[in-house]
Amino acid sequence: MAQIIDGKTISQQIKEELKEEAGRLREAGIEACLAVVQVGTDPASTIYVRNKRRACEYIGIRSLLHELPENTSQEELLALIEQLNEDPKVHGILVQLPLPKQMDESVILKAIDPGKDVDGFHPINVGRLCIGEKSYLPCTPAGIIELLKRSGITVAGKECVVIGRSNIVGKPMSLLLLQENGTVTIAHSKTEHLKEVAKRADILVVAIGKPGFITREYVKEGAAVIDVGIHRNSQNKVCGDVDFEDVRQVAGAVTPVPGGVGPMTIAMLMRNCLEAAKETVEQR
């Protein structure tokens with residue numbers, strides 16, 4: 001039976017470390033501040049924003065919430081981002097996705113100052129990641145690396161397969177695994193013989209967007225399986241891309257949904273925000 005990788009416990013450990021760090025920053029005269037912008041009232045977005053603000057409160061990061069109506073124009077949002085870019089008391093800026101259809105997500109993300117881009121989505125930060133320079137790392141992939149490290153799972157020399165090629169998870173995940181000296185394959189919807197490719201993996205990261213898609217037939221015995229998906233099944237229960245009960249019979253370690261990757265994403269966002277605030281101290 002697989003080891004359960006407990007993202008709740010590990011993220012709490014990280015938050016305790018960050019709480020101490022935030023305290024040290026305050027002693028240096030810096031109160032870390034995260035500005036969160038939400039356009040519209042998408043229910044899932046509202047939950048995510050609330051969870052992020054709670055994490056800020058716990059750690060000791062000031063959070064500013066800008067709630068804009070659904071019909072806000074792109075120009076109005078860009079004007080707010082410019083204002084936040086210029087505000088020296090704001091260290092991190094997060095625009096909650098998805099955005100309403102009248103907005104171009106790419107234009108909005110590029111408008112955020114790369115030095116305040118705590119989501120790690122700005123092309124400059126993505127480019128830095130690609131060439132191995134210091135950057136703000138996308139929160140979900142960074143959280144997965146922490147999960148592996150703190151669970152005693154070594155990446156170096158291992159066969160790693162990432163199923164999914166999104167800019168938010170799949171691509172940056174593969175780069176971070178590569179930085180940890182893993183041997184990385186990216187698989188996706190057009191990959192032939194997906195079961196055989198997945199079954200080579202010592203570490204299998206699944207971000208395919210299909211509930212319960214990965215069963216034991218895709219998993220090498222003893223592999224570490226990281227489930228990034230989050231859905232509601234036909235019984236309205238939260239589930240992931242991995243058939244948890246089936247896969248845990250053969251995997252060496254597996255993340256549950258909920259309670260696996262999700263809490264780590266918020267912990268990494270908090271870490272990025274504190275890193276941005278520390279830059280302020282270093283620039284003095």
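The values are calculated or read from the model by the stated rules, or taken from the named source; none is laboratory data. Just so we're clear, the structure is a prediction, and the values are computed from it rather than from any experiment. FYI the Cβ positions are ideal-geometry reconstructions off the backbone, even for glycines, and counts take in every protein chain you see.
Would you confirm, using the coordinates I've provided, whether L94 is in contact with a Gly (Cβ under 6 Å, 6 or more places away or on another chain), closer than 26 Å to G60 by Cβ and not in a helix (DSSP H, G or I)?
Details: in contact with a Gly (Cβ under 6 Å, 6 or more places away or on another chain): no; closer than 26 Å to G60 by Cβ: yes; not in a helix (DSSP H, G or I): yes.
Against the criterion (in contact with a Gly (Cβ under 6 Å, 6 or more places away or on another chain), closer than 26 Å to G60 by Cβ and not in a helix (DSSP H, G or I)), L94 does not qualify.
When the residues of the range 97-122 are narrowed to those that are aliphatic (A, V, I, L, M) and assigned to a loop (DSSP other than H, G, I, E, B), which ends up surrounded by the fewest Cβ atoms within 10 Å (Cβ to Cβ)?
Taking the range 97-122 first, the residues aliphatic (A, V, I, L, M) are 97, 99, 103, 107-109, 111-112, 118.
Still in the running and assigned to a loop (DSSP other than H, G, I, E, B): 97, 99, 103, 112, 118.
On the way: L97: 16, L99: 22, M103: 19, I112: 24, V118: 26.
The residue in question is L97.
Residues of the range 4-57 being among the aliphatic types (A, V, I, L, M) and assigned to a helix (DSSP H, G or I), which ones?
Matches in the range 4-57: I10, I14, L18, A22, L25, A44, I47, V49, A55.
Only one of these conditions is not met by E75: (1) in contact (Cβ under 8 Å) with a residue 12 or more places away in the chain; (2) over 29 Å from D6 (Cβ atoms); (3) not small (G, A, S). Which number is it?
(1)
Would the range 126-136 turn up any residue that is surrounded by fewer than 20 Cβ atoms within 10 Å (Cβ to Cβ), touching a residue at least 24 places away in the same chain (Cβ under 8 Å) and within 19 Å of D227 (Cβ to Cβ)?
no
May I ask you to say which residue of K220, K210, K195 is basic (K, R), buried (at least 16 other Cβ atoms within 10 Å of the Cβ) and under 21 Å from V247 (Cβ atoms)?
Unique residue meeting the criteria: K220.
Residues I4, I10: which one is over 18 Å from D117 (Cβ atoms), at pLDDT 95 or above, surrounded by fewer than 19 Cβ atoms within 10 Å (Cβ to Cβ) and of a type in the set (A, V, I, L, M)?
Being over 18 Å from D117 (Cβ atoms), at pLDDT 95 or above, surrounded by fewer than 19 Cβ atoms within 10 Å (Cβ to Cβ) and of a type in the set (A, V, I, L, M) holds for just one of I4, I10, which is I4.
I want to confirm something. Restricting to the range 58-91 and keeping residues that are polar (S, T, N, Q) and not in a loop (DSSP other than H, G, I, E, B), which single residue is surrounded by the fewest Cβ atoms within 10 Å (Cβ to Cβ)? Reasoning before the result, please.
Of the range 58-91, the ones polar (S, T, N, Q) are 63, 71-74, 83, 85.
The next check asks that each one be not in a loop (DSSP other than H, G, I, E, B); those that pass are 63, 74, 83, 85.
Working: S63: 19, Q74: 16, Q83: 12, N85: 15.
The residue in question is Q83.
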